[in-house]
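The values are calculated or read from the model by the stated rules, or taken from the named source; none is laboratory data. Note that the structure is predicted; figures quoted are calculated from it, not measured. Glycine gets a Cβ as well: all are built from the backbone with ideal geometry, and neighbour counts include every protein chain shown. Ligands, DNA and RNA are excluded from the accessible area calculation, which covers all protein heavy atoms including side chains. Shrake-Rupley method; radii C 1.70, N 1.55, O 1.52, S 1.80 Å.
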Amino acid sequence: MKDLTFVLCSRNDGYGGNSLWRLQTSINFLAHHAAVLDILDRIEVFVSDWGSVEPLRDAVRLSHEACRIARFVEVPVEVARAHQRDSVFAEVLANNTAIRRATGRFVARIDQDTLVGPRFLAAFLALAARGTVHGGSVEAAPMFVGRRSISYSFARTSPALERVLSLVERCGYLLPRE
């Protein structure tokens, strides 16, 4: 059993610009920091591939570390269409598909463009090991994390992972907070 499963959903359809770049950068960024912290064996990433014609697993370029932690569950186009009915993209159904396969003690739902950094990973795993938060059980506590944003003008250029890592490392505390 893993300590933490990150769950996200996507489709290989180019939504919102370069969706493949956003997905692979998110997973590679997380895997990079997990490797630095030596916790690759404690986490996993489950991607629900909701109705892609070309599977995401074949379309994204994942690092060696990311390949160790990333799992894909492919929902065929016909099945996705039948279950989503009149919805363009049934995010709840897609996420639940991945959540059912999670092996982590905790599940973190993220978007395909979320960059999970080392401070969060270290803090969360320490909290989970402690077992309590605000005087109660960590298992019973709903947890939400604030986030910061990189600029759209930077992201739309689909920079290499090294540039994303450098930007976040240099400017992390200066990035706009949500």
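What to note about this one:
- Residue within the range 74-81 that is among the hydrophobic types (A, V, I, L, M, F, W, C), open to solvent by 20 Å² or more (accessible area, probe 1.4 Å) and touching a strand residue (DSSP E or B) at 6+ places or on another chain (Cβ under 6 Å) present: no
Yes/no per residue for (1) part of a loop (DSSP other than H, G, I, E, B); (2) at pLDDT below 90; (3) open to solvent by 60 Å² or more (accessible area, probe 1.4 Å):
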position	(1), (2), (3)
A94	no, no, no
V116	yes, no, no
T157	yes, no, yes
V168	no, no, no
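- Filtered residues of the range 9-52 (kept if under 27 Å from A129 (Cβ atoms), assigned to a helix (DSSP H, G or I) and open to solvent by less than 10 Å² (accessible area, probe 1.4 Å)): S26, I27, F29, L30, A31, A34
- Test for R101: is it among the basic types (K, R) and farther than 26 Å from S19 by Cα: no
- Residues within the range 68-92 that are within 17 Å of D13 (Cα to Cα) and either touching a helix residue (DSSP H, G or I) at 6+ places or on another chain (Cβ under 9 Å) or assigned to a loop (DSSP other than H, G, I, E, B) (or both), tallied: 11
- Residues in the range 118-136 that are within 30 Å of S151 (Cα to Cα) and either open to solvent by 20 Å² or more (accessible area, probe 1.4 Å) or touching a Phe, Trp or Tyr at 6+ places or on another chain (Cβ under 8 Å) (or both): 6 in all.
- Among the residues of the range 1-27, the ones that are over 11 Å from the mean Cα position of the chain (by Cα), under 23 Å from L121 (Cα atoms) and of a type in the set (F, W, Y) come to 1 in all.
- Among the residues of the range 58-67, the ones that are part of a helix (DSSP H, G or I) and under 19 Å from K2 (Cβ atoms) come to 4 in all.
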